[in-house]
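The values are calculated or read from the model by the stated rules, or taken from the named source; none is laboratory data. On a predicted model such as this, the values are computed, not experimentally measured, just so you know. Here the Cβ positions follow ideal geometry from the backbone for every residue, glycine too, while neighbour counts run over all protein chains shown.
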Amino acid sequence: MIYAVVFLIFLSVCCYAYLLLARFVGVVYPRNDERKHFILKRTLLTCALAIGIVGACILCDYILAFFVQAGMLAILVEFVNWGMLIASKCTKDKNKRIFAKWRTIFRLSLIPLCGALILVLYGAYHIRDVKQTEYTIESSKLSENLDVVMISDLHYPLTMSEERLQEIANRISNVKPDMVLLCGDLCDEGTTKEEMEYMFRTLGSIDTNYGVFYVYGNHDAQLYSTNRAYTEAEMEATMSLVGIGSLVDKAVTVREDITLVGRQDYSRSREALREVLAGADTSSFVIVMDHQPQEYEIDRENGADLVLSGHTHDGQVFPAGWIISLFHMADVTVGMEHFGDTTAIVSSGMVGWGFPIRTQGDSEYVLVHLKAK
């Protein structure tokens with residue numbers, strides 16, 4: 001099944017490459033010799049297929065990312081072209097040359113091709129530029145201040161070497177956080193058992209006052225894979241060994257005024273939040289870790305003060321973030337929002353999934369300053 005999907009993706013990429021190249025040829029190589037034109041187009045088709053085959057073997061992620069970005073830009077350009085065509089019907093003759101120049105640019109496919117190349121080059125750099133994003137929240141429920149670091153969507157080892165991960169762990173240790181919260185998708189279907197173990201060992205070594213805690217995302221347990229590299233039991237054993245607290249529909253008291261709740265991922269069967277909180281002190285400041293930014297009204301009704309999530313990547317590949325927001329595919333796409341007395345923070349993630357580029361949003365970890373009021 002997976003190989004069939006990969007084949008269909010590359011077939012689509014090759015067809016799209018051919019259409020763009022053929023459109024280009026139709027402009028720069030006039031049809032005064034049909035036989036030569038036919039041979040040239042078939043040569044281009046062969047080159048497009050070669051691009052797909054070479055991409056599958058060597059640089060498939062970057063080539064796929066290029067054509068995904070080119071396709072998205074081409075759709076946007078098509079809308080602009082429709083507008084230009086309508087405008088050309090209504091304009092005076094002396095302005096026709098402007099629309100003729102636009103038509104040439106459109107047929108050459110310069111905008112999607114050049115734009116995609118620029119975006120992929122930028123995205124390959126930008127995904128590796130991990131920033132620290134800070135928020136401050138005040139609450140009368142807190143007896144003293146607390147600094148919390150939240151990490152999500154690492155998808156190790158995509159674009160992240162062992163040395164780079166250790167460097168970021170050291171940077172977070174230097175912040176001297178009271179807690180580190182790992183909000184899911186730290187690894188995925190491309191992670192080996194050894195990489196999973198190294199990742200947890202490195203993040204578990206971050207220096208904190210109250211510890212490192214983890215909740216599952218939709219990718220961590222490799223449930224989408226037919227050939228899993230490790231089991232959930234092996235993940236739990238690794239976390240236990242390095243001192244990371246795994247919270248699957250579980251509430252723990254971090255200190256007298258802090259209750260920490262970890263939720264099973266939204267895509268899986270999970271307990272109702274009121275059941276998870278049964279017996280917990282809901283008069284304390286309640287922090288909920290929930291990988292997917294969903295069900296904030298339920299969080300509010302059950303007295304959650306802060307909900308930390310990831311999952312959306314803020315789209316990662318332009319303009320997916322806009323699409324997520326437009327069609328309300330998540331309650332919050334990125335950043336901080338308030339639902340009554342509940343504050344929701346959604347991170348765009350430390351890396352990303354699938355494509356080794358980021359052309360929308362930032363790669364980040366989040367530092368939340370909780371201030372006693």
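General remarks:
- Flag if Glu138 is in contact with a strand residue (DSSP E or B) (Cβ under 7 Å, 6 or more places away or on another chain) and part of a loop (DSSP other than H, G, I, E, B): no
- Pairs meeting the criteria (first residue in segment 99-116 and modelled with pLDDT of 75 or more, second residue aromatic (Phe, Trp, Tyr), beta carbons under 6 Å, at least 6 apart or on different chains) are Ala116/Phe66.
- Positions within segment 350-373 being assigned to a loop (DSSP other than H, G, I, E, B) and either modelled with pLDDT of 85 or more or not aromatic (Phe, Trp, Tyr) (or both), in sequence order: Met350, Val351, Gly352, Trp353, Gly354, Pro356, Ile357, Arg358, Thr359, Gly361, Asp362, Lys373
- Hits in segment 228-262 (condition: among the basic types (Lys, Arg) and in contact with a Phe, Trp or Tyr (Cβ under 9 Å, 6 or more places away or on another chain)): Arg255
- Tally of residues being assigned to a loop (DSSP other than H, G, I, E, B) and more than 30 Å from Ala70 (Cα to Cα) across segment 326-349: 2
Residues checked against (1) closer than 20 Å to Ile151 by Cβ; (2) aromatic (Phe, Trp, Tyr); (3) at pLDDT 95 or above:
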site: Gln264; (1), (2), (3): yes, no, yes
site: Ser269; (1), (2), (3): no, no, no
site: Gly279; (1), (2), (3): no, no, no
site: Phe318; (1), (2), (3): no, yes, no
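- With respect to the stated conditions, Thr238 fails to be closer than 21 Å to Pro177 by Cα and at pLDDT 95 or above.
- Of all the numbered requirements in (1) more than 21 Å from Ser309 (Cα to Cα); (2) over 21 Å from the mean Cα position of the chain (by Cα), Ser225 misses one, and that requirement is (2).
- Within segment 325-345, restricting attention to residues that are among the hydrophobic types (A, V, I, L, M, F, W, C) and touching an Asp or Glu at 6+ places or on another chain (Cβ under 8 Å), the residue that is nearest to Ile137 (Cα to Cα) is Ala344.
- Checking every residue in segment 236-255 against the condition of being more than 22 Å from Ser205 (Cα to Cα), out of contact with any Pro (no Cβ under 6 Å at 6 or more places or on another chain) and of a type in the set (A, V, I, L, M, F, W, C) gives at least one match.
- The C-beta contact set for segment 183-212 (first residue in contact (Cβ under 8 Å) with a residue 60 or more places away in the chain, second residue buried (at least 23 other Cβ atoms within 10 Å of the Cβ) and hydroxyl-bearing (Ser, Thr, Tyr), distance under 6 angstrom, 6+ apart or interchain) comprises Cys183/Ser152; Gly184/Ser152; Gly184/Tyr216.
- Thr259 being on the phi < 0 side of the Ramachandran plot and surrounded by 16 or more Cβ atoms within 10 Å (Cβ to Cβ): yes
- Of Leu44, Leu40, Leu64, all but one fail to be under 30 Å from Ile323 (Cα atoms), of a type in the set (A, V, I, L, M, F, W, C), modelled with pLDDT under 75 and in a helix (DSSP H, G or I); the exception is Leu64.
- Test: residue in segment 275-283 that is in the same structural domain as Leu142 (by TED's automatic domain parsing), without any contact (Cβ under 8 Å) to a residue 60 or more places away in the chain, closer than 26 Å to Val332 by Cα and within 27 Å of the chain's Cα centre (by Cα): no
- Annotation note: Cβ proximity below 6 Å between a residue of segment 327-349 that is modelled with pLDDT under 90 and a residue that is of a type in the set (Val, Ile, Thr) (sequence gap 6+ or interchain) occurs for Ala330/Thr312; Ala330/Ile324; Val332/Val346; Thr333/Thr312; Thr333/Ile324.
- Among the residues making up segment 107-133, a single one is over 17 Å from Gln316 (Cβ atoms) and either in the same structural domain as Val180 (by TED's automatic domain parsing) or under 19 Å from the mean Cα position of the chain (by Cα) (or both): Gln132.
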